1. Would you check if residue 371 is of a type in the set (A, V, I, L, M, F, W, C) and touching a helix residue (DSSP H, G or I) at 6+ places or on another chain (Cβ under 9 Å)?
2. Would you pick out the residues in region 527-566 that are acidic (Asp, Glu), in contact with a strand residue (DSSP E or B) (Cβ under 7 Å, 6 or more places away or on another chain) and over 16 Å from residue 50 (Cβ atoms)?
3. Quick test of your reading of the structure: residue 232 fulfils all but one of (1) touching a Ser or Thr at 6+ places or on another chain (Cβ under 9 Å); (2) surrounded by fewer than 16 Cβ atoms within 10 Å (Cβ to Cβ); (3) modelled with pLDDT under 85. Name the failing condition by number.
4. Residues in region 506-520: is at least one among the β-branched types (Val, Ile, Thr), surrounded by fewer than 16 Cβ atoms within 10 Å (Cβ to Cβ) and within 28 Å of the chain's Cα centre (by Cα)?
5. Pick from 700, 725, 771: which is in contact with a helix residue (DSSP H, G or I) (Cβ under 7 Å, 6 or more places away or on another chain), farther than 21 Å from residue 810 by Cβ and either touching a residue at least 24 places away in the same chain (Cβ under 8 Å) or among the charged types (D, E, K, R) (or both)?
6. Return yes when residue 107 is surrounded by 24 or more Cβ atoms within 10 Å (Cβ to Cβ), touching a residue at least 60 places away in the same chain (Cβ under 8 Å), in contact with a strand residue (DSSP E or B) (Cβ under 7 Å, 6 or more places away or on another chain) and not polar (S, T, N, Q) and no when it is not.
7. How about region 257-294: which of its residues are part of a strand (DSSP E or B) and modelled with pLDDT of 90 or more?
8. Are any residues in region 297-330 in a loop (DSSP other than H, G, I, E, B) and either within 26 Å of the chain's Cα centre (by Cα) or at positive phi (or both), and if so, which ones?
Amino acid sequence: MYSNNKLAKAVRLALVFGASATAGISANAFAAEEVTAEEEVERIEVTGSRIKRTDMEAASPISVFTAEDIAVSGVSTVEGFIKSIPAMNGGQIGSNVNNGNRGFATASLRGLGDGRTLILINGRRFNSGDLNSIPTSFIERVEVVRDGASTVYGSDAIAGVINFITKKDFEGVEVSAQYDVTSEDDGETKKFSIVTGTSSDKGNVVFSVDYTDREAVSQGDRSYSECPLWDDGVGSKPYCGGSSHSHLGRVNVPEVNGLGLDAGRYITQNGEAVPFSTADHGYNYAATSYLVTPAQVFSVNAASTYEITDSMSIFAEAGFSNRQSSQQMAPAATFWSAPVPATHPDNIYGVDLSVNRRITEGGGRGFEQDAEDYRIVAGLEGEFDNGWGWDVAYNYSRFVDSRIMTGELNRPNTETLLDPALCAADDDCPGLWNPFAEGTMTAEQHAYASVTFSPVRKGQTTQFLANLTGDLGSFELPGGPIQWATGYERRIEEYLNEPDGAEALGQVYGQSGDRTEGSYTVEEMYAEFNFPILAGLPFAERLTLTAAVRTSDYSNQDDTATNTKFGIEWEPVEGLLTRATFAEGFRAPSITELFDPQEQSAISYTDPCWDYGLSSNATLKANCAADGLPADFNSDSQSNSVIGGNPELEPEESESFTAGIVYSGFENFSIAIDYFNIEITDGVGTAGTDNIAESCYNSTDFSSPLCDLIKGNKYGPIDTPPHPTSPRRNVSEVLSGVLVTNANLSTFETSGIDFDFSHNMDIFGGNFVTTLNGTYLDQYDYTLVAGGEKIKASGKVAADQWTGNPAVFAEIRANLGFTFATDNYNANITFRYQSEGDDLLADDTTLDSVADSIVYTDVQGTWFVNDTYTLSAGARNLLDETPPYMSNYDDSNTVNYSYDLPGAYYYLKATAKF
């Protein structure tokens, strides 16, 4: 149990020896009461180690954020706070992702993917890992370990750990309400929470209720995203383009026919064939797509402890959350290029052909989730007479993700509407449909052609943990007793994907309809040691070595894995700490990576053949010409790709190294600088459609091994008509059958420097705190196949191997904060900086190849009305910065995985404590 002053000291030391990334922690930490030398300080467990210590001066770099930090940031959800941490990089999934999101919010430390960032609640796993399930009102603090922690927590901690510590010692009732709205008077977010608790000398109980309602913002509601922008490499500015799956009915004429037309793409106007132009005839899909996705999240959480005897306590935790979220995209189209026979009465072309028609008569496609997260923990903890501590716990975590998808097409029925013979033979066919003109599908035809389906996905984790920790008593080294911890864990992971009847019958285009399920069991043992070699000597105020080892035995893997970690903490003089760690990492493929269904996905990509006639690359020009494409070729920017799990995946392994210094020898000033390097082999990920296309078309005679991942139009569920001259494309001219399913790729390597500075001083009757926290990304390299070309992504816009989408791997992400605090009010301003990213796929035809750097300005003022009431007001992105345009990316015309999208958010928050 933490007393207030002991926790304050721990937080202050966290600032010095791990660093917060916001100014709020500094104001509170330096105002905290100092612990005197005579006062006994309770041992605490810090994330990254099971050994309880009296301080947080660990070898591993750790960032600690308090509930006050979250409040100062002004965010209404955990997602908004976590993705502002500078150590986050690459693609961050959350409310900023519409196409390709399932309502989740995730964290990606070092840009290595959310699957390599272990999310814990009070040191224990929860199944979904969805940040939406963790309410800000229930958080006491957040601890972020910025190096590998597989030896302590097992798989998934290669990049680090984010541990959410919930409130425990809480007295009274706290009621809070917050209202956010953008500068455009939309995107309202309403948040309400109640936290109540009580404690005695025997134990405590805390209970919270939290509700958040975030409204959508449409891409059509912002000038920068209201229409897909294209450029052809010739003009001086981009133009409003759109999808070639046109509302006007783009047809693919296969050969010269009675009208004297060349093979190509046309639309039908006034009974005549007109060559298709994206600029003139493309469909503006942005108008019906979300920029910010809506969500409603309701959660209930509780935690309690009770002292059974003087040496044993029982503890319990429980959590439930329900998230109702949605995404909306443009109306469905006959993406597979639906066949239309020559016998169709509206077919003026006289031959069998195919049509790509946008079904605007039915509105957009809707994707709704009703997801529930459950978490129950129960356990005992205590202490033996010799001072050794122990705990045992059972952790049950489960999620159920029920979905409703509307507006998709029933492919067989749609094709029946286009074929006079098929329609005549089907009594349910409401009549032949004319796909060559806009607004021709009747309500009855749409009801017949469209389908609503409801798949369900479930995951479950059961975890038994037992830990024992202590020291060797009288057997001491010169620096003190040897401390140790050891433990056992048994975990069972289960997963089920259950399609509904329409999917299983193959009626829904692009959905596999396969029922997939799987499970595995893992048993693990670990041991940790702290060796205090020296203390209190010249040039050795403290010298400590640490070591840890963990063995993991997975039921679905042949070999047992053993991983180790070593660290050193050397304080040559008081106030100066040098530290280093070396850790081996191990990550077994997650249950979803193994058993997610394989299905078709329209993934945005940059087609290397776009206007290839303007390129100076002879190899590229030869390959594009060999595909039979014209020199001024342009097409849709969405491939027909295949995504999903792979039961044949093998574990990935890693090595990480950190080294740093921390100095706090000056009064009210601290500095921490840490170097990190992480290498991953057999890394699980996807090659990425962009990378596959770029490597293939820039290799002589399509010789790149990545060309083998482009299977063409007949692969899997796609089955579209073929391109007349290219085996890699379908009749719509986009790459088809691109395999971006999970695979063991070759290597990842990333390195850089974390830096943290803090200074505070008393001035004008208050306390003024300055903080600067950031990460410099020196290296982010990966190879897609053994022996393949190394892709250098640092400072670039490149394919994020976890999300499969483009993201900015910024060289610098930093937060500069200033806080002035008095007894009556606080004022804060924070500048969040992200450096630019150069388009890795840009060539000499690209008009705009840089995702510009950006600075977001956040401000907040807080007035402590009295001991009961507090009012806060502020703005996030006060100056209304808009994300930058880039030529090669069409989702909101920017790199939406890496920027704030809606502009300025203003908010007002009121809190009452009783």
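The values are calculated or read from the model by the stated rules, or taken from the named source; none is laboratory data. Quick caveat, the model's predicted, so the values are computed rather than measured. Here the Cβ is made from the backbone with ideal geometry for all residues, glycine too, and neighbour counts use every protein chain on show.
1. Working: of a type in the set (A, V, I, L, M, F, W, C): yes; touching a helix residue (DSSP H, G or I) at 6+ places or on another chain (Cβ under 9 Å): yes.
Answer is yes for this residue.
2. To start, the set of residues in region 527-566 that are acidic (Asp, Glu) comprises 528, 541, 553, 558-559.
With in contact with a strand residue (DSSP E or B) (Cβ under 7 Å, 6 or more places away or on another chain) added as a condition, the list becomes 528, 541, 553.
541, 553 - these are the residues of region 527-566 that are acidic (Asp, Glu), in contact with a strand residue (DSSP E or B) (Cβ under 7 Å, 6 or more places away or on another chain) and over 16 Å from residue 50 (Cβ atoms).
3. Residue 232 satisfies all of (1) touching a Ser or Thr at 6+ places or on another chain (Cβ under 9 Å); (2) surrounded by fewer than 16 Cβ atoms within 10 Å (Cβ to Cβ); (3) modelled with pLDDT under 85 except (2).
4. So the first thing to find is which residues in region 506-520 are among the β-branched types (Val, Ile, Thr), and the list is 508, 516.
Among the residues that remain, those that are also surrounded by fewer than 16 Cβ atoms within 10 Å (Cβ to Cβ) are: none.
No, region 506-520 has no match at all.
5. Numbers: 725 fails: in contact with a helix residue (DSSP H, G or I) (Cβ under 7 Å, 6 or more places away or on another chain); 771 fails: farther than 21 Å from residue 810 by Cβ.
Within the list 700, 725, 771, the selection yields 700.
6. On the way: surrounded by 24 or more Cβ atoms within 10 Å (Cβ to Cβ): yes; touching a residue at least 60 places away in the same chain (Cβ under 8 Å): no; in contact with a strand residue (DSSP E or B) (Cβ under 7 Å, 6 or more places away or on another chain): yes; not polar (S, T, N, Q): yes.
No, not satisfied.
7. If we filter region 257-294 for residues that are part of a strand (DSSP E or B), which is where we start, we get 264-269, 272-275, 283, 290-292.
266, 267, 268, 269, 272, 273, 274, 275, 283, 290, 291, 292, listed by residue number.
8. The first filter runs over region 297-330 and keeps only residues in a loop (DSSP other than H, G, I, E, B), leaving 310-311, 330.
Selection gives 330 alone.
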